[in-house]
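Colleague: Before I ask anything, here is the structure I am working with.
The values are calculated or read from the model by the stated rules, or taken from the named source; none is laboratory data. Values in this document were obtained by computation on a predicted structure and should not be read as measured data. Glycine gets a Cβ as well: all are built from the backbone with ideal geometry, and neighbour counts include every protein chain shown. We work out accessible area using only protein heavy atoms, side chains counted, and drop any ligands, DNA or RNA first. Shrake-Rupley method; radii C 1.70, N 1.55, O 1.52, S 1.80 Å.
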Amino acid sequence: MSVITKEPKKKSVQLPAQGMMENVMQQFNKAADYVGLHPNIRKILEITNNELVVKFPVKMDNGEVEVFTGYRVQHNNALGPYKGGLRYHPTVDIDAARALAMWMTWKTSLAGLPYGGGKGGIQLDPSKYSASELERITRRFTFALADNIGPEHDIPAPDVNTNSQTMAWIADTYMSTRSPAERTANQHVVTGKPDGSGGLEGRDRATGYGVYLSIKFWIAQQGETLENKTFIVQGFGNVGYWASHFLEAEGAKLVAVQDASGSIYHKEGISVAALSAYVNNGGTVASYQQAHSIANDAFFGTECDICIPAALGNQITETNAGTIKAKLVAEGANGPISVAGEQILLDKGIVVIPDILCNSGGVIGSYFEWLQNRNGELWLLDEVMAKLYKKLSEAYTKVANYAALEGIDLRTAAYCIAIKRIEKAYILRGIFP
Ligand code: NAD
């Protein structure tokens, strides 16, 4: 099939309601219509290349065997190996994995990385399992994925409820199950590993740093600073915590937090360091005493300048978008705003910094870790943060300039840049055979 000639713009196909998948397809279709994406490329990008569903048994601490379902979806690898996180959560299913894999393709393309997009995880509630059970579950999942992941093929990373420890178990299991000659050279099969075991200094904060920087860049464009700006955060995990940490360090004030345990508010400000210490010592956001408890459904309506959804997908929808008072919503999470929810925000003049730009610090940090491992180097924190700043500021400037030039929203601009890069790769390369 020829992919060389551009054809006229094609009208989007409307999909039935499918949660996150519907959102990512509508976002893609909007941008594909806008740039007049070649219909043949569109056919390729609207499907996923490979979808793996694995069932695997694991022995529990009490001697019983439990069977788990794991997923890995590889959306597209036109620009390089599949890249994307593994999530441990009851909402993980094939639909979520497909949508999240597609988002990764756009994100890596936008960031100018030599990667495609993938995503996966296990459908489970990790709070119900001991650390040793989670280790066995992770190792057996890695074994089941077998050669479907690999340092030059598909490179997982942490996501919701997975962390550097999870990545260390995956790397160790993957390397241990290779032939003797291949055992030591494969630690870049995953990124987000611990410092001291192939990890990158600063990878832990890379995503939150990117969220903070994109907010800072937008605020600067308004001729303002972060000093005394108020913000709210949904999700106080890796992304939510680090974004809050950097914002607070520049004088912004955290006034409300929501996590899986509940929601809290304090007009005078919630100390990020104190809340983090409390949560890391076994406390929950909901039981934190230096703030007031508020109803979960009142959270997004909190008075503030900046709202950061940094937990799960589809949190801001047509049912609550109208209550949002922030001037800016910065998507720390992947897909936290539904298409209908976003339209309400845009109609109210609220700016949205899209996930594929806002939280791309994580995959950029992962790329640096991968390069470090591949080249047998050890990078220092200052060096990592400077490189992150450069990549993130280039991506932000590219998107902001394109949006201003075309008079479109930031998400559509980000998608247009991302899909045009992939289209170009296909046009130059052609389609085998
Ligand atoms: P995490 O597991 O460290 O934290 C998740 C947080 O979300 C926790 O505070 C949890 O309590 C909260 N949460 C879970 N269910 C919730 C609910 N129903 N309501 C409110 N809060 C809830 O995960 P993370 O790594 O911080 O990832 C958060 C989001 O950021 C995800 O969408 C993930 O895909 C995205 N993301 C993460 C990275 C990364 O590097 N970790 C990179 C890019 C995007």
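Colleague: Just for region 147-164: of the residues that are in contact (Cβ under 8 Å) with a residue 12 or more places away in the chain and part of a helix (DSSP H, G or I), which one is farthest from the ligand (Cβ to nearest atom)?
Modeller: 148
Colleague: Go through 185, 168, 256, 243 for me and flag whichever is more than 26 Å from residue 286 (Cα to Cα) and either within 16 Å of the ligand (Cβ to nearest atom) or open to solvent by less than 10 Å² (accessible area, probe 1.4 Å) (or both).
Modeller: Going through 185, 168, 256, 243 in turn, the sole match is 168.
Colleague: Restricting to region 165-184, name every residue that is of a type in the set (A, V, I, L, M, F, W, C) and free of Cβ contacts under 8 Å to residues at least 12 places away in the same chain.
Modeller: 181 - this is the single residue of region 165-184 that is of a type in the set (A, V, I, L, M, F, W, C) and free of Cβ contacts under 8 Å to residues at least 12 places away in the same chain.
Colleague: Another question, if that's okay. If residue 271 passes every condition in (1) away from the ligand (no atom under 16 Å from the Cβ); (2) hydroxyl-bearing (Ser, Thr, Tyr); (3) closer than 30 Å to residue 104 by Cβ but one, which one does it miss?
Modeller: Of the numbered conditions (1) away from the ligand (no atom under 16 Å from the Cβ); (2) hydroxyl-bearing (Ser, Thr, Tyr); (3) closer than 30 Å to residue 104 by Cβ, the odd one out for residue 271 is (3).
Colleague: Moving on. Can you tell me which residue in region 191-205 is modelled with the lowest pLDDT, limited to those that are open to solvent by less than 40 Å² (accessible area, probe 1.4 Å) and in contact with a Lys or Arg (Cβ under 9 Å, 6 or more places away or on another chain)?
Modeller: My answer is 203.
Colleague: So for region 108-127 (the condition being under 21 Å from residue 69 (Cα atoms), open to solvent by 10 Å² or more (accessible area, probe 1.4 Å) and free of Cβ contacts under 8 Å to residues at least 12 places away in the same chain), does at least one residue qualify?
Modeller: yes
Colleague: Right, next: Taking residue 139, is it away from the ligand (no atom under 13 Å from the Cβ), basic (Lys, Arg) and free of Cβ contacts under 8 Å to residues at least 40 places away in the same chain?
Modeller: When the stated conditions are applied, residue 139 passes them.
Colleague: Something else: Under 7 Å between Cβ atoms, at least 6 apart or on separate chains: pull out the pairs that start in region 191-210 with a residue that is on the phi > 0 side of the Ramachandran plot and more than 9 Å from the ligand (Cβ to nearest atom) and end on any residue that is open to solvent by less than 10 Å² (accessible area, probe 1.4 Å) and not charged (D, E, K, R).
Modeller: 198/171; 202/365; 202/384
Colleague: Right, something else. Considering only residues of region 171-182 that are hydroxyl-bearing (Ser, Thr, Tyr) and open to solvent by less than 20 Å² (accessible area, probe 1.4 Å), which is farthest from residue 132 (Cα to Cα)?
Modeller: For region 171-182, the residue satisfying everything is 174.
Colleague: If residue 373 passes every condition in (1) over 17 Å from residue 410 (Cβ atoms); (2) touching a Phe, Trp or Tyr at 6+ places or on another chain (Cβ under 8 Å) but one, which one does it miss?
Modeller: So the condition that residue 373 fails would be (2).
Colleague: Right, next: So which residues in region 68-87 are buried (at least 24 other Cβ atoms within 10 Å of the Cβ) and under 16 Å from residue 56 (Cβ atoms), if there are any at all?
Modeller: Within region 68-87, 70, 71, 72, 86 meet the criteria.
Colleague: Going by the conditions given, is residue 219 modelled with pLDDT of 95 or more, under 24 Å from residue 400 (Cα atoms), within 14 Å of the ligand (Cβ to nearest atom) and among the aliphatic types (A, V, I, L, M)?
Modeller: no
Colleague: A further question on this structure: If residue 225 satisfies all but one of (1) under 19 Å from the mean Cα position of the chain (by Cα); (2) closer than 26 Å to residue 399 by Cα, what's the number of the condition it fails?
Modeller: All conditions pass for residue 225, except number (1).
Colleague: Answer yes if at least one residue in region 275-287 is open to solvent by 10 Å² or more (accessible area, probe 1.4 Å), away from the ligand (no atom under 13 Å from the Cβ) and within 19 Å of residue 353 (Cβ to Cβ), and no otherwise.
Modeller: No, the conditions are met nowhere in region 275-287.
Colleague: If you don't mind, another one. Inside region 80-107, can you point out the residues that are in contact (Cβ under 8 Å) with a residue 60 or more places away in the chain and over 21 Å from residue 189 (Cβ atoms)?
Modeller: 89, 91, 95, 96, 98, 99, 102, 103, 106
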